[in-house]
Amino acid sequence: MCTQTANRRGRVGLARTRCTLWCMRRTNLYLDERQTTALDAMARAQGVSRSDVVRRLIDDFLEDGGSRLDSDLDAIDAAFGIDPDFPMPDRSGGERQKYLDGIWGE
């Protein structure tokens, strides 16, 4: 792992450049507009670059092995149908049913 060291004036410049050149591999990603906009907003809010946000998100994912996603999906599955008093919409009869009956020849 690379560490950044500051010079006598407290600047990180050259050390950061060396770290970027020697400690990391360049990777190109194709992102859609929504992803780019969201990453840019996160970067601005955190005061870092878009690349830093991507690296942090990847580190977070690798750290927990994707288990957070699995637990989120499990929570969604567990919550499905949890409210037995939820009013179900009427799906019988009506113009839609007549239309479908006509298509199906009933």
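A short reminder: the numbers here are calculations on the coordinates, not readings from a lab. Predicted model, so just to flag it, every value in this text is computed and none were measured. Cβ atoms come from the backbone with ideal geometry, glycine included; neighbour counts cover every protein chain shown.
Does Val48 qualify as being without any contact (Cβ under 8 Å) to a residue 24 or more places away in the chain, within 23 Å of Met24 (Cα to Cα) and not in a helix (DSSP H, G or I)?
On the way: without any contact (Cβ under 8 Å) to a residue 24 or more places away in the chain: yes; within 23 Å of Met24 (Cα to Cα): yes; not in a helix (DSSP H, G or I): yes.
When the stated conditions are applied, Val48 passes them.
Please verify whether the stretch 76-99 includes one or more residues that are aliphatic (A, V, I, L, M), without any contact (Cβ under 8 Å) to a residue 40 or more places away in the chain and surrounded by 10 or more Cβ atoms within 10 Å (Cβ to Cβ). Working first, answer last.
Taking the stretch 76-99 first, the residues aliphatic (A, V, I, L, M) are 76, 78-79, 82, 88.
Adding the requirement that they be without any contact (Cβ under 8 Å) to a residue 40 or more places away in the chain leaves 76, 78-79, 82, 88.
Of the ones still in play, those that are also surrounded by 10 or more Cβ atoms within 10 Å (Cβ to Cβ) are none.
Looking for residues that are aliphatic (A, V, I, L, M), without any contact (Cβ under 8 Å) to a residue 40 or more places away in the chain and surrounded by 10 or more Cβ atoms within 10 Å (Cβ to Cβ), one finds none in the stretch 76-99, hence no.
For the stretch 51-78, which residues satisfy the criterion of being part of a loop (DSSP other than H, G, I, E, B) and under 13 Å from the mean Cα position of the chain (by Cα)? I'd like the intermediate steps shown before the answer.
We begin by selecting, within the stretch 51-78, every residue part of a loop (DSSP other than H, G, I, E, B); these are 65-66.
Within the stretch 51-78, just Gly66 meets the criteria.
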